[in-house]
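This report refers to the structure that appears directly beneath it.
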There are 2 protein chains.
Amino acid sequence: MAKDVVILGSTGSIGTQTLEVLSSLENSGQESFNVLGLGCGTNVELLASQVKKFHPKVVSVKSNKEREILSRKISREVEIGTGREGLDRLASLGQADKVINALVGFVGLEPTLKAIGNADEILLANKESLVVGGSLVDEKLQGCKTSVIPVDSEHNAIFQALQAGEKEEVEELIITASGGPFLSTPLEAIPEAGPEEALDHPNWDMGSRITCDSASMVNKGLEVIEAHWLFGLPYEQIDTVVHPQSVVHSLVQYRDGSMVAELGEPDMKVPIQYALTYPKRLKNDYERTNLVNLARLEFKDLDPERYPAFEIVVQAGKDGGDRPTAVNGADEALIDLFLDKKIKFGDIARGLKQVLKNLNPTENPTLENLKQTDKWARKKVNQLVNEGKLGGR
Amino acid sequence: MAKDVVILGSTGSIGTQTLEVLSSLENSGQESFNVLGLGCGTNVELLASQVKKFHPKVVSVKSNKEREILSRKISREVEIGTGREGLDRLASLGQADKVINALVGFVGLEPTLKAIGNADEILLANKESLVVGGSLVDEKLQGCKTSVIPVDSEHNAIFQALQAGEKEEVEELIITASGGPFLSTPLEAIPEAGPEEALDHPNWDMGSRITCDSASMVNKGLEVIEAHWLFGLPYEQIDTVVHPQSVVHSLVQYRDGSMVAELGEPDMKVPIQYALTYPKRLKNDYERTNLVNLARLEFKDLDPERYPAFEIVVQAGKDGGDRPTAVNGADEALIDLFLDKKIKFGDIARGLKQVLKNLNPTENPTLENLKQTDKWARKKVNQLVNEGKLGGR
């Protein structure tokens, strides 16, 4: 039986790789998929070619402008939605076995909430759904048949390692971090760094926000929050270790002394495929890790001086409420300014701290509260820059 | 409900550690065990104290001599058997939930065969049961409720990693080898080495035969054969990699590109406990691996020049019949001679080769055939030495 899938963010890095994996599994005759829906932002050109190849019934683009361009390129029978409504419609088609949420940022939360109860499985690559809306997602999942499968390589590794035990048997989750491009940079040079340095990630080829976040370890802080909600474990049981080779994707320390890890190449197609076919493992010919070819595997403590943003983000997670939303919104705005060279790398951690300091926190936020906090944080970042309290050379 | 257990080889390294684990689980209130039977060889002193502590109904010792000494030390209500019959009786008590076979050498095969159908689970630390009698054990297990759980750290690690997938999803099992004491010894010095050098194992504290076998990698060859029978996979799907730190206990490469590994301290109590409580993982306070404290993890190809015995053993496994029995019997005899300084380290591989060359192989051996081959191989080794074809300085 073909699996009905919907892909949100189909033209992004995870989205396009998901379609590659899906085609490859179909071509090998091991599985078949029926692509019900595809959603993207502004990359109409690519979406049009995806529509021609995968024949979805419903698609969604950012706004009417993209809708008009797209409608001239594809069959009239395809329903084209726009904006948030378009994504929500895709997430709640109701007949999807799997909704792959590969959206980037806050915008991913609402579709995740919509998919709960409508889809059998949510394949989650949008970490903000849990970082920002963890409590809302968690609440909605209670007593619901929908399950969440992480696509992110670290969480997918933990999800795999958890197949070898039960949640209550976990002593600690250990999330690995590559250390990013600034692992060996002299400490004093990091705050002055610009986008060229921050975007030079040693192991993974990813989008630019996630690469910057990997340099600042904001990413890793967000992953700790994500793991907290995803696996239902307290922060005390979630540790992070720097592992420059990115071969061990993450580990689970069980209470009996055994540690179970998932290892492999830095290739997102592997966790994407596992999430798509779980609990089955189907054959592919993606590159295998040859242990002998690795020079060595190293593990280091995460140095808070080198990565000051990490602790700020994790603390926001621990303190809860709408603080992670403020951090996340602020970080997105800070990265934009950083990529535009309006602020320096060191301003990212400084900006997060200042935004949190200025936040009037809400302890049990509604979706509406979160949206407001997200907007407020972005605005606050720009305000801080305009007022000369951040950036400036 | 208390689990009824029988421990064969209770005074050896694995046996005593099994009793430690069992006591520790009972003391923590997590599990209770009822020790039905204990079997050992000649260490009557230790057995007597085990009897006083664990109150088995039946025990077994090597011969009447040990029986007489033991009978003066323990309650008359304990049934004392001797020799092979004594072990067989323990293995087939019929009411055991778990028979732990921690015997060393060929002598472990028959109790394993007896336990099949009589016990729910065989916790197998006796690798010879499968190395020598793989086909007999496999045949007897068919359509039988008894399952085999490996205690050996490598196979236990693979058993754990296999919880994250299905057998048909396995691409390759990767058994790690420490490389033993001769990992960095100049090649020309190895054949001349004596027991002092060979017994100096860097990571694991084990019995002397297993430590010598770990220096020659005969051990690793036997483990490959064991894995073949245990996990039902062809030799082409079983690889070995030298990993000097012994932190990664072994790995499973799945066909979807994910590699799952079990890691931890070189502490046999961890796999023993997992085997005892499987599928549960109970809490203990054995030492945990701190990844950051490890200098690094390395993996190397197994160098056939350094470890010539490895390939001889694996080839005997591939060729099948009674060849592994000949290799195993010859190896036990060779180790005895080596520990007695009658032969040098290089004579072990040479001896194995000569014994195999002299063997008139039986392709589908019965238990009786195997016993004969085992005896023949030991005799052949001594004959080779006496004839000056092996050893001699």
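The values are calculated or read from the model by the stated rules, or taken from the named source; none is laboratory data. On a predicted model such as this, the values are computed, not experimentally measured, just so you know. As a convention, Cβ positions derive from the backbone with ideal geometry for all residues, glycine included, and neighbour counts pool all protein chains shown.
Scanning segment A:136-150 for residues that are assigned to a loop (DSSP other than H, G, I, E, B) and of a type in the set (D, E, K, R) yields a single hit, A:LYS145. Do we have B:TYR274 as within 7 Å of chain A (Cβ to nearest Cβ) and among the hydroxyl-bearing types (Ser, Thr, Tyr) here? Yes: the conditions hold for B:TYR274. Selection of segment B:239-271 for residues being at the interface with chain A (Cβ under 9 Å from one of its Cβ atoms), of a type in the set (S, T, N, Q) and assigned to a strand (DSSP E or B) yields only B:GLN253. So, in segment A:380-393, of the ones that are over 13 Å from A:LYS344 (Cα atoms) and in contact (Cβ under 8 Å) with a residue 40 or more places away in the chain, which residue ends up surrounded by the fewest Cβ atoms within 10 Å (Cβ to Cβ)? Looking at residues that are over 13 Å from A:LYS344 (Cα atoms) and in contact (Cβ under 8 Å) with a residue 40 or more places away in the chain, I get A:ASN382.
The single residue among B:LYS318, B:LYS341, B:LYS379 that is assigned to a helix (DSSP H, G or I) and farther than 20 Å from B:GLU223 by Cα turns out to be B:LYS379. Taken together, A:LEU19, A:LEU46, A:LEU87 contain a single residue that is in the same structural domain as A:ALA125 (by TED's automatic domain parsing), closer than 19 Å to A:TYR274 by Cβ and under 25 Å from the mean Cα position of the chain (by Cα), which is A:LEU19.
When each of B:ALA115, B:ALA177, B:ALA125, B:ALA189 is tested for being within 14 Å of another protein chain (Cβ to nearest Cβ) and either out of contact with any Pro (no Cβ under 6 Å at 6 or more places or on another chain) or not aliphatic (A, V, I, L, M) (or both), the lone residue that passes is B:ALA177. Determine whether A:GLU188 is among the charged types (D, E, K, R) and not assigned by TED's automatic domain parsing to the domain that holds A:TYR274. Criteria not met by A:GLU188.
Just a yes or no: is a residue in segment A:230-238 away from every other protein chain (no Cβ under 14 Å), closer than 22 Å to A:THR373 by Cα, touching a residue at least 60 places away in the same chain (Cβ under 8 Å) and surrounded by 22 or more Cβ atoms within 10 Å (Cβ to Cβ)? Within segment A:230-238 (the criterion being away from every other protein chain (no Cβ under 14 Å), closer than 22 Å to A:THR373 by Cα, touching a residue at least 60 places away in the same chain (Cβ under 8 Å) and surrounded by 22 or more Cβ atoms within 10 Å (Cβ to Cβ)), the answer is no, since none of the residues qualifies.
For B:GLU166, the test of being within 14 Å of chain A (Cβ to nearest Cβ) and free of Cβ contacts under 8 Å to residues at least 24 places away in the same chain is passed. Scanning segment B:278-294 turns up at least one residue that is within 11 Å of chain A (Cβ to nearest Cβ), in a loop (DSSP other than H, G, I, E, B), modelled with pLDDT under 95 and more than 26 Å from B:ASP120 (Cα to Cα). A Cβ distance below 8 Å, combined with a sequence gap of six or more or placement on separate chains, defines the contacts here; from segment B:30-44, residues that are touching a residue at least 12 places away in the same chain (Cβ under 8 Å) reach residues that are of a type in the set (D, E, K, R) and in a strand (DSSP E or B) in the pairs B:GLU31/B:LYS3; B:SER32/B:LYS3; B:PHE33/B:LYS3; B:PHE33/B:ASP4; B:ASN34/B:LYS3; B:ASN34/B:ASP4; B:LEU36/B:ASP4.
What residue, among those in segment A:258-270 that are touching a Gly at 6+ places or on another chain (Cβ under 9 Å) and surrounded by 24 or more Cβ atoms within 10 Å (Cβ to Cβ), is farthest from A:ALA125 (Cα to Cα)? Filtering first and then ranking leaves A:SER258.
State which residue is surrounded by the fewest Cβ atoms within 10 Å (Cβ to Cβ) when the search covers only segment A:22-40 and only residues that are closer than 23 Å to A:VAL78 by Cβ and not small (Gly, Ala, Ser). Here the answer is A:GLU26.
Screening A:LEU302 with (1) without any contact (Cβ under 8 Å) to a residue 24 or more places away in the chain; (2) in contact with a Gly (Cβ under 9 Å, 6 or more places away or on another chain); (3) surrounded by 15 or more Cβ atoms within 10 Å (Cβ to Cβ); (4) more than 24 Å from A:LYS98 (Cβ to Cβ) gives one miss only, at (1).
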